[in-house]
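The values are calculated or read from the model by the stated rules, or taken from the named source; none is laboratory data. Quantities reported herein were computed from a predicted structural model and do not represent experimental measurements. Reconstructed Cβ throughout: ideal geometry from the backbone, glycine too, with neighbour counts over all protein chains shown.
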Amino acid sequence: APVPRLATPLALRSVTLRNPVVISPMCQYSAVDGMAGEWHRVHLGRFAMGGAGLVIVEATAVTEQGRITPGDLGLWDDRHVGPLRGIAAMLRELGAVPGIQLGHAGRKASTQRPWQGHGPLGAEDAARGEPPWPVVSASPLPVADGWPTPHQLDRDGLAAIVEAWRTATLRALDAGFEVVELHCAHGYLLHQFLSPLSNTRSDGYGGDVAGRCRFPLEVARAVRGAWPDDKPMFVRISATDWIEGGWTLEDSVVFARDLKALGVDVIDCSSGGMVGVSATAAAVPRHPGFQVPFAETIRREAGIATMAVGLILDGPQAEAILRDGRADLVAIGREALVDPNWPLRARQQLTGDGDFDGWPEQAGWWLGRRARTLDRKTP
Ligand code: FNR
């Protein structure tokens, strides 16, 4: 039988993934003062044991103000590097390429952890030691009613954020990561510049698509400049706001072409997040593979490698996405929370049950014997 695409190595610049299955960045909101701890080590390490080609560490804040919640990871200070260096080394030892997503939440900063309300931090949070902080954005437009009005970034503010992204990128490199992903999606700061719904500036950083792309492109250029030429850079975008009058797939194609021209290797194609924080804020038709058409269109129209993500549930579905040339990589989020062995299981669904080849021997040796025992007992 032919080797599944899910089990075929993929080279990006000088970095080779053992397969194109990626663990999508997933915030754990479990850091203290931006520092990674044991929770992050186990959470991420288990995905590497489970066979993923690339494991991307959750959105990591480039400034303290840029954290979504008080529990976000950070790389705004040199002291954050140590624990992340341990994680990158551990992921590599377990066979996965270590990646990290760098983000800034903009007007969606200073919020409660999802399970603590998912709203803006307030007096009750302050009383338990997590006070709100001022938020910034492209324009002084709140996320929704009842949310804080962000301070509009001026030229100095923009320059400081570019510099924060540049230094965080250097720290990510120092920590040993091999893939860096720029977070331009889900209604966070860079998406707030892209979308006409959150950017009403008239100073050259707003207006038409080119104006709205300008600041995200400046940040992308700074990250690319700080990241070595032999290492790949990804950009995650929300390919559409799913809202009339918002950012569109057409705009995403234009943006992807510009990103490609400045040396970005992969567009990671998500969507939504522009208004509110709940799944019902925009009319998103969530069904298996609902965002795959974005990866397919951007790949074709902008001529750049893409990563598909969103309700990719099983091996045959993921294999078809890759085989049909709809995306170059597939990212798995919640399914990997259900089963960190998702990459190994997905491959097994394609090669036949009972085949535990390629599993870590510490488990695979036993599981192969167990499968043969069960086979013999089958009438
Ligand atoms: C996420 N998601 C996400 N996306 C992102 O770009 N940066 C992040 O840090 C996070 N954090 C995060 C935490 C948790 C717990 C979940 C479930 C999701 C979105 C995630 O990467 C992915 O795009 C979506 O979950 C859709 O893929 P699945 O889960 O349908 O495979």
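When you scan segment 232-243, do you find a residue that is surrounded by fewer than 20 Cβ atoms within 10 Å (Cβ to Cβ) and more than 16 Å from the ligand (Cβ to nearest atom), even just one? Among the residues of segment 232-243, at least one is surrounded by fewer than 20 Cβ atoms within 10 Å (Cβ to Cβ) and more than 16 Å from the ligand (Cβ to nearest atom), which makes the answer yes.
Among the residues of segment 38-53, the ones that are of a type outside the set (Gly, Ala, Ser) and either in contact with a Pro (Cβ under 7 Å, 6 or more places away or on another chain) or away from the ligand (no atom under 13 Å from the Cβ) (or both) come to 6 in all. The single condition among (1) within 16 Å of the ligand (Cβ to nearest atom); (2) touching an Asp or Glu at 6+ places or on another chain (Cβ under 6 Å) that Arg286 does not satisfy is (2). Taken over segment 15-37, the criterion of being aliphatic (A, V, I, L, M) and within 11 Å of the ligand (Cβ to nearest atom) is satisfied by Val22, Ile23, Met26. Among the residues of this structure, Ile304 counts as one that is β-branched (Val, Ile, Thr) and closer than 22 Å to Val253 by Cα. Which is in contact with a Cys (Cβ under 8 Å, 6 or more places away or on another chain), of a type in the set (A, V, I, L, M) and closer than 21 Å to Val15 by Cβ, of Val223, Val266, Val235? Answer to the selection: Val235. Residue pairs whose Cβ atoms lie under 7 Å apart, sitting 6 or more positions apart in sequence or on different chains, and linking a residue in segment 110-129 that is in a loop (DSSP other than H, G, I, E, B) to a partner that is charged (D, E, K, R), are Gln112/Asp125; Leu121/Glu130. Got at least one residue in segment 86-106 being in a helix (DSSP H, G or I), buried (at least 24 other Cβ atoms within 10 Å of the Cβ), modelled with pLDDT of 95 or more and of a type outside the set (A, V, I, L, M)? Within segment 86-106, one or more residues are in a helix (DSSP H, G or I), buried (at least 24 other Cβ atoms within 10 Å of the Cβ), modelled with pLDDT of 95 or more and of a type outside the set (A, V, I, L, M). Out of Arg171, Arg155, report the one residue that is closer than 22 Å to Ala222 by Cα, surrounded by 19 or more Cβ atoms within 10 Å (Cβ to Cβ) and basic (Lys, Arg). Going through Arg171, Arg155 in turn, the sole match is Arg171. Filtering segment 256-279 to residues that are away from the ligand (no atom under 16 Å from the Cβ), touching a strand residue (DSSP E or B) at 6+ places or on another chain (Cβ under 8 Å) and either within 19 Å of Leu197 (Cβ to Cβ) or touching a residue at least 60 places away in the same chain (Cβ under 8 Å) (or both) leaves only Asp265. Taking into account only those residues within segment 305-317 that are in a loop (DSSP other than H, G, I, E, B) and either within 10 Å of the ligand (Cβ to nearest atom) or hydrophobic (A, V, I, L, M, F, W, C) (or both), which is surrounded by the most Cβ atoms within 10 Å (Cβ to Cβ)? Only one residue tops the list, namely Ile312.
Any idea which of Ala320, Ala331, Ala302 is more than 10 Å from the ligand (Cβ to nearest atom), small (Gly, Ala, Ser) and out of contact with any helix residue (DSSP H, G or I) (no Cβ under 8 Å at 6 or more places or on another chain)?
On the way: Ala331 fails: more than 10 Å from the ligand (Cβ to nearest atom); Ala302 fails: out of contact with any helix residue (DSSP H, G or I) (no Cβ under 8 Å at 6 or more places or on another chain).
Matching residue, one of Ala320, Ala331, Ala302: Ala320.
Looking at segment 1-54, the strands (runs of 3 or more DSSP E) lying wholly inside it that each contain 3 or more residues that are in contact (Cβ under 8 Å) with a residue 60 or more places away in the chain and buried (at least 24 other Cβ atoms within 10 Å of the Cβ) sit at 21-23.
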